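K.L.:
Just dropping this structure here.
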Amino acid sequence: MMEKADKRDRAALFRARLSEALALAGATQSALARDIGVDRSTVSQLLTGSGARLPNAQVVAECARALGVSADWLLGLSERPESAARIVADAFRLTEAPRALVDQQIFDWHREADGYKIRHVPAALPDMLKTREFLVWEYAEHLGRTAQQAINASEERLDWMRKSASDYEIAMPFYELASCAEGSGYYAGVPRDIRIAQLERFERLAGQLYPGLRLCLFDAHRLYSAPLTIFGPLQAVIYLGSNYLAFRDTERVRVFTAHFDQLVREASVPARDLPAHVAGLLAEVA
């Protein structure tokens, strides 16, 4: 008896959800019938029948396709009406990105997440912590944007971070600051006095803004991370170079958060030790 009752309930739910999907799509019974290749009377029976019998799988699949919902939702097997393709499409999206992370889109995401903890793995040195002279060298020589645009954006972000209710945690590869100090790799060609001033700014801000800003260094020989920003529980964004790949579904945000937290747990230089580490680099350069 229970099995029969379950079948009736599922059949009733199918009829209710088919009717709901039809109304949301703004389609008529006749239009649906034409789209799925059946008589109008068949659609009418699907909507108004009272038995425990469900339509065959082909009819259910065609109804789902025509109305833009999932077959599982029509059958009561899911609470999400979106099709699998729509769920995947909504779970992440590509957004055009400039060459570096000083841009309006990333700042808008920061403000959206105000009050949440923000976790960040920068592509190089964090733009909002760079000196004006460093930004002039970087943008004027390489990135095709005016240095003043970069300076204004960097200062705006730093000012936002000082006033924000968000905790801000940054994890960088150990070699990044070392390369800056040495003037090697990406930082080849940066004048020595600019590199020294940049390291001094890092040392100063790391002390002034702690613990609201925590910056640690991880060993890239043991751990790797793509450039990444996690905006609390709202979304995780990977920087690809010409695009951001933004994930908003809860499970993926949790996975990226766990990845970042591992970088922090296993950091070679934890945030509280960063000023002393930078002081050591400055001593070597000087």
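K.L.:
Checking the cross-link filter: which aspartates and glutamates have an alpha carbon closer than 13 Å to that of LYS163, excluding same-chain neighbours under 8 positions apart?
P.N.:
ASP114, GLU155
K.L.:
Now for a separate question. Residue by residue, what Karplus-based ³J(HN,Hα) values in Hz, rounded to whole numbers, does region 180-194 have, using 6.51, -1.76 and 1.60 with θ = phi - 60° and x for Gly and Pro?
P.N.:
5, 4, 7, x, 10, x, 4, 9, 4, x, 6, x, 4, 5, 6
K.L.:
Please list, in order along region 65-70, the HN-Hα scalar couplings obtained from phi with the Karplus expression 6.51 cos²θ - 1.76 cosθ + 1.60 (θ = phi - 60°), rounded to whole Hz, x for Gly and Pro.
P.N.:
4, 5, 9, x, 10, 8
K.L.:
Further question on the same structure: Can you list residues whose amide H is under 5 Å from GLN235's amide H, if they're 5+ apart or on another chain and H is modeled 1.01 Å from N?
P.N.:
Residues meeting the criterion, in which the H sits 1.01 Å from N, do not exist here.
K.L.:
Divide, for region 90-285, the radius of gyration over alpha carbons by 2.2 N^0.38 Å, where N is the residue count.
P.N.:
0.98
K.L.:
Continuing with this model, one more query. If amide H atoms are built 1.01 Å from N in the plane of the peptide, which residues on other chains or at least 5 residues away come under 5 Å of the amide H of LEU228?
P.N.:
Here the answer is VAL121, TYR239, since their amide H atoms fall under 5 Å of that of LEU228.
K.L.:
If amide hydrogens are placed 1.01 Å from N in the peptide plane, which non-local residues have theirs closer than 5 Å to the one on TYR244?
P.N.:
Residues meeting the criterion, in which the H sits 1.01 Å from N, are THR95, GLU96, ALA97.
K.L.:
Tally Lys/Arg at +1 and Asp/Glu at -1 over every other residue whose Cβ is under 12 Å from the Cβ of LYS117; what's the total?
P.N.:
-2
K.L.:
With labels modelled as points extended 7 Å from the Cα through the Cβ direction, what inter-label distance (nm, one decimal) is found for TRP160 paired with LEU245?
P.N.:
Between TRP160 and LEU245, the label points sit 2.4 nm apart.
K.L.:
May I pose another question? What's the exposure ranking of PHE134, PHE256, going from fewest to most Cβ atoms within 10 Å?
P.N.:
Fewest-to-most Cβ neighbours within 10 Å comes out as PHE256, PHE134.
K.L.:
Right, next: Output ³J(HN,Hα) for region 198-211: one whole-Hz value per residue in order, computed from phi by the Karplus curve 6.51 cos²θ - 1.76 cosθ + 1.60 with θ = phi - 60°, and x for Gly and Pro.
P.N.:
Computed from phi, the couplings for region 198-211 are 5, 5, 4, 5, 4, 4, 5, 5, 4, x, 5, 8, 5, x Hz.
K.L.:
Rg(Cα) of region 227-283 divided by 2.2 N^0.38 Å?
P.N.:
Output field value: 1.45.
Taken together, the values in this text are just the output of simple stated rules run on the coordinates, not laboratory data. All of these numbers come straight from a predicted model, not from anything done at the bench. No Cβ is skipped: glycine too gets one built from the backbone with ideal geometry, and neighbour counts run over all protein chains shown.
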